[in-house]
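The values are calculated or read from the model by the stated rules, or taken from the named source; none is laboratory data. What you see is a predicted model; the values in this text were computed from it and never measured. Backbone-built Cβ (ideal geometry, glycine too); neighbour counts: all protein chains shown.
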Amino acid sequence: MESNPDWLSPWVGRVPISNDEADPGLAGMIRWLRQPVPRYPWYASDDPKFYRQPVPDGAYSTFTEYYITLGTPEFQWPPSVVYFGSGVGLPYSQYISTMPSETNALWIQGEKDWTQYVACPVGTMLHLIAYTPAEGPAGIYETIQTETTSLTYRILQLEGGYSVLNFNAEDIGRHLLYFVVDNQPSNVVIVDVFPEFASGQPALTPPG
């Protein structure tokens, strides 16, 4: 199955990874994983229509650095901090020293940091960062949750290392994305897409 260039288009570049940086050890990672997970105030897991509800002012302020605007570079490496779905950050040097080098990984790129969760208005463009240690075809999976659930699937050829994938948040709802190379799945990233900007938030113009 061919990939849809309007949905995802890769920019592939090999970036060496070094594990020589100081590492406080796995104990720090374990303490981080055990921290309580905060709830986002606009998301109610028992209401599938959450994305149609008004978004409060300031809801996007944490995430605007991840929106692609004119002048956004294609690739920023290394990030300062990586943020997981809970919103808790981990210095990239600590993350990379504790993760197996053979692990596939997927992130959303920001100006300085990477994250696995973003909330945005419909039409926002994002850069996804896919890492795979091995070259090969990647199956890209996207599940969209609204009142119903839909699944799309694409195949994309990735080289070993980091690739930049352009994602256009065209449909409102909760988007869950991951990829598989050599039967090894990546983590899931989540993009919550809402109908429009919260009041008082200026619209951002993606590159033409």
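Tallying residues that are touching a residue at least 60 places away in the same chain (Cβ under 8 Å) and either closer than 17 Å to Arg154 by Cα or out of contact with any helix residue (DSSP H, G or I) (no Cβ under 9 Å at 6 or more places or on another chain) (or both) within the stretch 84-126 yields 18. For the stretch 116-135, a residue qualifies if it is surrounded by fewer than 21 Cβ atoms within 10 Å (Cβ to Cβ) and part of a loop (DSSP other than H, G, I, E, B), and the qualifying residues are Gln116, Val122, Gly123, Pro133, Ala134, Glu135. Among residues of the stretch 59-76 that are over 14 Å from Asp113 (Cα atoms), those with a Cβ under 6 angstrom from a residue that is not basic (Lys, Arg), sequence gap 6+ or separate chain, pair up as Ala59/Trp42; Ala59/Ala198; Tyr60/Gln201; Thr69/Leu204; Leu70/Pro207.
Go through the residues of the stretch 43-56 one by one and say whether even a single one is at pLDDT 90 or above, assigned to a loop (DSSP other than H, G, I, E, B), farther than 16 Å from Val164 by Cβ and among the small types (Gly, Ala, Ser). No, there is no match, as no residue in the stretch 43-56 is at pLDDT 90 or above, assigned to a loop (DSSP other than H, G, I, E, B), farther than 16 Å from Val164 by Cβ and among the small types (Gly, Ala, Ser). Annotation: Ser61 fulfils all but one of (1) within 28 Å of Asn183 (Cβ to Cβ); (2) not in a strand (DSSP E or B); the unmet one is (1).
Suppose the filter is modelled with pLDDT of 95 or more, crowded, with 19+ Cβ neighbours inside 10 Å and over 16 Å from the mean Cα position of the chain (by Cα); does Ala138 pass it? Yes; evaluated as a whole, the condition is true for this residue. Out of curiosity, is Ser163 more than 27 Å from Trp77 (Cβ to Cβ) and either free of Cβ contacts under 8 Å to residues at least 24 places away in the same chain or in contact with a Gly (Cβ under 9 Å, 6 or more places away or on another chain) (or both)? The answer is no for Ser163. The condition of being over 25 Å from Tyr60 (Cα atoms), out of contact with any helix residue (DSSP H, G or I) (no Cβ under 9 Å at 6 or more places or on another chain) and buried (at least 16 other Cβ atoms within 10 Å of the Cβ) holds for only one of Val181, Val164, that being Val181.
Of all residues in the stretch 192-208, how many are touching a Phe, Trp or Tyr at 6+ places or on another chain (Cβ under 7 Å) and either outside any loop (DSSP other than H, G, I, E, B) or modelled with pLDDT of 70 or more (or both)? Of the residues in that region, 3 qualify.
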